[in-house]
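J.: Quick one: the structure is below, and I'll ask about it shortly.
Read the figures in this text as sums done on the coordinates, not as results from a lab. Computed from a prediction, not measured in an experiment: that's the story for all the values here. Cβ: placed from backbone, ideal geometry, glycine included. Neighbour counts: every protein chain shown.
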Amino acid sequence: MAHWYYLRTGSKGPDFPVIGSKRFVKERNVMEPIFVARTQHEGNLLVGYAVNGVGHFPYKGNVVKKNEDYQVLSSRTKEERRYNFSDIKLDRLSQALQAGHMTDFFGQIPLYIGRAKVDETHLFGPILNGICHIALDDRVVRSYKFQTLLPRPDL
């Protein structure tokens, strides 16, 4: 079962967030962690990432919603490793961790967590129609080459 930690502006983060990647910030000479995240928006539960206190979420394939009220995927202990990123075929996507959903004319569409490399950094976004959608600044990058977050079967 996934553990999501709700963050609001100014709140302390979880003790053991799932850090899926890091990026180098040249101006401060530090490595910044990038977290798997999700947020509620217009009746949808969007999938994306959080970095430096801000969540980044693609919406409807072309709009980026930045929001400081979001949830971060976390583990219960420092030693616990509940998730792995893996290359899987799209017909096995139902085995992946469903983290959100979008609603369209036909009903709810499940959203799974994808990870794709953008500008030398792994970022996260929903897998929709076989494509991983990544919020980057004020645009959405679409990647056909991505990994999927899977729960570990031994836990």
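J.: Condition first: closer than 15 Å to Gln40 by Cα and more than 14 Å from the chain's Cα centre (by Cα). Now tell me which residues in segment 99-138 satisfy that.
T.: Met102, Thr103, Gln108, Ile109
A quick yes/no check of all residues on (1) over 23 Å from Leu111 (Cα atoms); (2) within 11 Å of the chain's Cα centre (by Cα):
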position	(1), (2)
Ile19	no, yes
Arg28	yes, no
Glu42	no, no
Lys60	no, no
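J.: It is to be established whether one or more residues within segment 80-98 are closer than 13 Å to Gly20 by Cβ, over 16 Å from the mean Cα position of the chain (by Cα) and loosely packed, with under 14 Cβ neighbours inside 10 Å.
T.: yes
J.: Restricting attention to segment 44-71, which residues are of a type in the set (Val, Ile, Thr), closer than 16 Å to Tyr5 by Cα and surrounded by fewer than 22 Cβ atoms within 10 Å (Cβ to Cβ)?
T.: Val51, Val54
J.: Out of the residues in segment 114-126 meeting the condition of being closer than 17 Å to Val64 by Cβ and touching a Gly at 6+ places or on another chain (Cβ under 8 Å), tell me which one is surrounded by the fewest Cβ atoms within 10 Å (Cβ to Cβ).
T.: Step by step, filter segment 114-126, then rank; the result is Ala116.
J.: Can you pull out the residues in segment 32-43 that are closer than 17 Å to His101 by Cα and surrounded by 22 or more Cβ atoms within 10 Å (Cβ to Cβ)?
T.: Val36, Ala37, Arg38, Thr39
J.: Moving to a separate point now. Please tell me if Arg38 is part of a strand (DSSP E or B) and out of contact with any Phe, Trp or Tyr (no Cβ under 8 Å at 6 or more places or on another chain).
T.: no
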